[in-house]
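The values are calculated or read from the model by the stated rules, or taken from the named source; none is laboratory data. Note that the structure is predicted; figures quoted are calculated from it, not measured. Note: ideal-geometry Cβ built from the backbone for every residue, glycine included; neighbour counts use all protein chains shown. For accessibility, only protein heavy atoms count, side chains too; no ligands or nucleic acids. Shrake-Rupley method; radii C 1.70, N 1.55, O 1.52, S 1.80 Å.
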Amino acid sequence: MGDGIEMVQALDEAHAVDIVLAQHPDAHVKAVPADSIEGMNKHRLLFSWLESL
């Protein structure tokens, strides 16, 4: 399992999803603006997201 948080530069959230899916076609992807998670624990965010699947 290759779960993780990947930062991409994109025009909007849909574009960010497209970028990640182009690299990882089978991925489950959620895009959020970087400033909305600034200063948060990235591992905790990842585990919270995985639990919500």
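Screening residue 29 on (1) open to solvent by less than 60 Å² (accessible area, probe 1.4 Å); (2) in contact (Cβ under 8 Å) with a residue 40 or more places away in the chain shows it passes everything except condition (2).
Within the stretch 37-46, the set of residues being surrounded by fewer than 12 Cβ atoms within 10 Å (Cβ to Cβ) and assigned to a helix (DSSP H, G or I) comprises 42, 43, 44. Does residue 21 qualify as being touching a residue at least 40 places away in the same chain (Cβ under 8 Å) and open to solvent by less than 100 Å² (accessible area, probe 1.4 Å)? In short, no. For the stretch 1-36, a residue qualifies if it is farther than 18 Å from residue 53 by Cβ and assigned to a loop (DSSP other than H, G, I, E, B), and the qualifying residues are 7, 8, 9, 10, 11, 12, 33. Contact map, the stretch 34-50: first residue within 11 Å of residue 4 (Cα to Cα), second residue open to solvent by 90 Å² or more (accessible area, probe 1.4 Å), Cβ cut-off under 7 Å, separation 6 or more or different chains; pairs are 49/30.
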